Amino acid sequence: MNKFAKGSVAAGAGLVLLLGGAGTLAYWNDSAELANGSINAGTLTLEADNDLLAASIAEQPALWVPGDEHTFSTELTLVAEGDNISGDIQLDAENITLKGEGFDQFTFDMAMGEVTSTGEDGTVQYHETLGAEHDVITFDGPGVYTIPVEVTVELPYLENEQQNASMGSAITIDDLTFTATQSAPDAAA
């Protein structure tokens, strides 16, 4: 065999040894997979008991006269679900309108009363007593909150001819809307 052929065979054998040696390099390894998980969001709902309000309205006189003042009652129910939920319930007072001939003879007032929150086991978790004319209630934590609401309408007795503008009036209270709003989470928590 000539020198060139011998050199080629030797070079080929060396190359095979080099490649074979690189393929036998071994090290330990392992992997881990995280199990599937889910993130569930809570809820915030606010409902008014319009049946209770209708019953309260039905108890009032059909035709009012100057000097009449009547209070209509209902309840709001707030369901707050979320471990760190808090916020407030507010009457959107800017949007309330009284409509009808002689509406300016009537006065309107609203108050939210004693607030309770019932937990899943039926116990009262939260209790707040408010005076008249509160238009914001705060809530802190999950629960079912019950908020009594009283709306007072008055046709005051006036000793002047302006009072006649209210005769035959049909007054409508529009846009009496309550809004529940979650507060921003506490950054320190």
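Label zone of GLU159 (point 7 Å out along Cα→Cβ, amide N under 18 Å): in the range 63-84 this covers 66-68.
Near MET110, the amide H atoms lying under 5 Å from its own belong to THR152; only residues 5 or more places off or on other chains count, and H is placed 1.01 Å from N. Extending 7 Å from Cα along the Cβ direction at THR138 and again at VAL65 yields two label points whose distance is 4.7 nm.
Put in line by how crowded their Cβ is, counting other Cβ atoms within 10 Å and starting with the fewest, SER166, SER31 read SER31, SER166.
Around the amide H of ILE85, modelled in the peptide plane, lie the amide H atoms of GLY141, all under 5 Å away and 5 or more residues distant in sequence or on another chain. The order of VAL149, VAL65, going from fewest to most other C-beta atoms within 10 Å of their C-beta, is VAL65, VAL149. Derived scalar couplings between HN and Hα for the range 147-152 equal 10, x, 10, 10, 10, 10 Hz in order, rounded to whole Hz, by the Karplus curve 6.51 cos²θ - 1.76 cosθ + 1.60 (θ = phi - 60°), x for Gly and Pro.
Throughout, read-outs are computed from the coordinates displayed, never taken from laboratory work. Given the structure is predicted, the values throughout are model-derived calculations rather than measurements. Ideal geometry is used to build each Cβ from the backbone, glycine not excepted, and the neighbour counts take in all protein chains shown.
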